[in-house]
Amino acid sequence: MNEPDTSKKQQIEHEQSSLHLEKMSLGERIRLQIKSEGPISLSTYMGLCLTHPQKGYYTSSNPIGTKGDFITAPEISQMFGEMLGTWVLLQWNFLGRPKTFTLAELGPGRGTLMADILRVVAKDPVAIKGAKIALLETSQPLKNLQGQALKKYDPIWINEIEELGNSSQPLTSQPLIIIANEFFDALPIKQYQFQNLNWHERLIGLQGGELVWGLSPSPLSEDFANSEIHQHLKTPAKENEIFQTSPLSIATISRLSRLLNEHSGSMLIIDYGYEVSQTGDSFQAVADHEFCDPLEKPGHADLSAHVDFQSLIKTARQVGTQAGMLGNQGHFLQQLGIKQRAEKIIQANPQKDAQITLDLARLIDSDKMGTLFKAMQISSPTKAAPAKAAPAKAPFERLEDLSGLPGIRHGFFGREGGCSPAPFDSLNVSKLTKDAPENISRNRQTVANSLGLPLNRLAILHQIHSDKVVTVDKNFDFENPIKADAMVSNISGIGLGVLIADCTPVLFYDPKNSIIGAAHAGWQGAIKGIIANTIEAMENLGADREKIIAGIGPTIWQENYEVGEQFARDLLEQHPQAKKFIAIPKNRTKQHFDLPGFVRSEIKKAGITRISQTPECTYANPQKYFSHRFATHNYTDTGRQIAIIAIK
């Protein structure tokens, strides 16, 4: 009798075992692993449930949308992606409008968000031509959907973050703009529970064949507990209190920040979570749009946890990038103009008014996604770009009440039409910025050319947020700026220029007596009386206040001008009637100041009734105007634009 073929028998047994394993559910596999190896950590459990190669939640299904288990912001309305598209264009401009750049999304779902973003980016032909689309995705079903949604953009799929900077990829040596919407909440976490004066890691084990929670019998070392937990707690831990960490999130942020440092660029993170590290159990499961037991059906529910933004910011800054919060989702989207976008869509589709209004509310209202979801930005340190040639003239705005008068020329300039590189691109005229002096000189020449004025007759002050007004006469020193915040003159051929980047510029003209004025009204100067002082100085030159016309230029509007309680108290102490200019806008929690409204009231109080105003907010239009507050919120520098009036 022949001897049995042992190797063939082993191969058959292996194939039978593999076939049996393939038929097993993910829950059965996890139970088998725990039986053979012991309890597993929550991070291991989340990793298996979400990304198991064959049975994982994301790798084996399409969970997003009304037919899936949950709906993300891009699936609610195109407006969400369009606002992020605006953010992308802003970052591209801040980077100096590079000819090519990588636009990457981490966990791009069905491709809906990126498609909406690119529709806005395409409004700038140079930007869309230079954008190379990269998608970090592990799910083949979702890759198929992304391919359909983004076919005309020829996206590249990557499996690892490092591929964004890999020399073997066509993405190398390009600036990066990265989007991560509801990405970090799905990265595995670890949980620790405080019990009997020690911290223990929470584990998942078996009891009666069912998955159950338990604690590691070995407490954490004192050094580990101090470094990972205690430094984040403001008060001593209480019995059974839970603290969460996400080592994978920290490692991911570190890798991304290094890439941003190497290639330059910015990253936007939108997710639900908390701005300050805290205790609490936020681990949850969602299936069929309902919360469920996360241990009940492994692989059949979306698992997630709140993002600890404080730990992400700390990590990014340690690597050397600039990082910080942009506010909650509602505030962030409103800053980018989502309300105005909704109004335009409703105008074009009045029959969809109710649905569009409902979608907007879901995205920005505090009792929906507006407050729970937060926005965070990481950016590479600012790098100067080469200057561009200065054009002969730059665009500017005029007010109808002033432009129809033959005796003057005036203009409110924005940031367009100059030679300065990012972040001062491009018509920066302030010598107090870090912009190159030669760029500022050329830009000043450009604005002077635009209004037909000689540069050596353009009066510009050293503004100090005061109530001081100076008279520009034949003896005025144009080379050495005087510290003040307003000017008046009756000399023809002289331009009065005030610099702004959110403060309110006001131009005055008395056509009967041919006297002009220009005021820089920041909140401090406005409260101190810069408007009244300017009008009084014009009267000293012979103006009649009843004949004066006032024009208010681009400035920050109330919806974007958050102030503290002390500011409100100081304002009302000096101007009790100004209470109506302090309010808490809808979906906000803090007071906001209506600076242009207050300035207009000061002009009216001085007896001037003919007042006009430009229609846009500097903060809400950072592509068009320099905005100090917007730049601060986005961890970058900015320039100053100018408003000019001159007697012909």
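The values are calculated or read from the model by the stated rules, or taken from the named source; none is laboratory data. Predicted model only: the values in this text are computed from it and were never measured. Note that each Cβ is placed from the backbone with ideal geometry, even for glycine, and that neighbours are counted across all protein chains shown. Accessible surface is based on the protein model in full, side chains and every heavy atom, while ligands, DNA and RNA are left aside. Shrake-Rupley method; radii C 1.70, N 1.55, O 1.52, S 1.80 Å.
Numbers for the structure displayed
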read-out: Using alpha-carbon coordinates, inclination of helix 338-348 to the longest axis of the chain, degrees; value: 90
read-out: Percent antiparallel among DSSP beta bridges (both partners in the chain, rounded to 5); value: 65
read-out: Cα gyration tensor shape for segment 494-538, rounded if a/c is under 1.5, else prolate or oblate; value: oblate
read-out: Simple label model, 7 Å out from Cα along Cβ direction - S227 to K23, nm; value: 4.8
read-out: Computed [θ] at 222 nm, helices only, for the chain once each DSSP H run of length n ≥ 4 contributes -39500 (n - 2.57); value: -10000 deg cm²/dmol
read-out: Computed lengthening from R457 to E343, 0.36 nm per intervening residue step minus Cα-Cα distance; value: 36.6 nm
read-out: In sequence order, calculated HN-Hα J values of segment 558-563 (Karplus, 6.51, -1.76, 1.60; Hz; x Gly/Pro); value: 4, 4, 10, 10, 6, 10
read-out: Spacing of the two label points (7 Å from each Cα toward its C-beta) at S441 and K152, in nm; value: 4.8
read-out: Shape of segment 387-483, Cα gyration tensor, a/c cut at 1.5; value: oblate
read-out: At 1.567 mPa s and 4 °C, Stokes diffusion of segment 92-231 via Kirkwood alpha-carbon radius, µm² per second; value: 70
read-out: Between 0 and 90°, nearest 10: helix 595-605 axis offset from the chain longest Cα axis; value: 20
read-out: Order of exposure, largest accessible area first, which applies to T638, T471 with probe 1.4 Å; value: T471, T638
read-out: For S430, residues with placed amide H under 5 Å, excluding near neighbours; value: R640
read-out: Gain upon complete extension [K434, D281; 0.36 nm per residue less C-alpha separation]; value: 50.4 nm
read-out: Global size of segment 504-648 as Cα Rg and Dmax, reported in angstrom; value: 16.0, 49
read-out: Accessible area per residue in Å² at 1.4 Å probe, computed on the chain; value: 45
read-out: In Hz, Karplus ³J(HN,Hα) per residue of segment 569-579 (6.51, -1.76, 1.60; θ = phi - 60°; x = Gly, Pro); value: 5, 5, 4, 5, 5, 8, 9, x, 6, 8, 4
read-out: Under-5 Å amide H pairs with I156, H placed in peptide plane, nonlocal only; value: I133, A134, L135
read-out: Per-residue ³J(HN,Hα) for segment 586-591, Karplus 6.51 cos²θ - 1.76 cosθ + 1.60, θ = phi - 60°, Hz, x for Gly and Pro; value: 4, 6, 10, 10, 10, 6
read-out: Accessible-area order (highest first, 1.4 angstrom probe) of the listed residues V126, V319, V121; value: V126, V319, V121
read-out: Percent accessible area from carbon and sulfur atoms, segment 118-275, protein chains only, probe 1.4 Å; value: 51
read-out: With every protein chain in place, segment 454-566: carbon and sulfur % of accessible area (1.4 Å); value: 43
read-out: Rounded to 10°, Cα long-axis angle of helix 247-263 versus longest principal axis of the chain; value: 50
read-out: Kirkwood-Stokes translational diffusion coefficient of segment 78-146, alpha-carbon pairs, 4 °C, 1.567 mPa s, µm²/s; value: 105
read-out: Solvent exposure, largest accessible area first (probe 1.4 Å, DNA, RNA and ligands not counted), of R545, R610, R362; value: R610, R362, R545
read-out: Descending semi-axes in Å of segment 433-525, equivalent ellipsoid built from Cα gyration tensor; value: 20, 18, 12
read-out: Nitroxide proxy distance, nm - points 7 Å out along Cα→Cβ at E296 and A122; value: 4.3
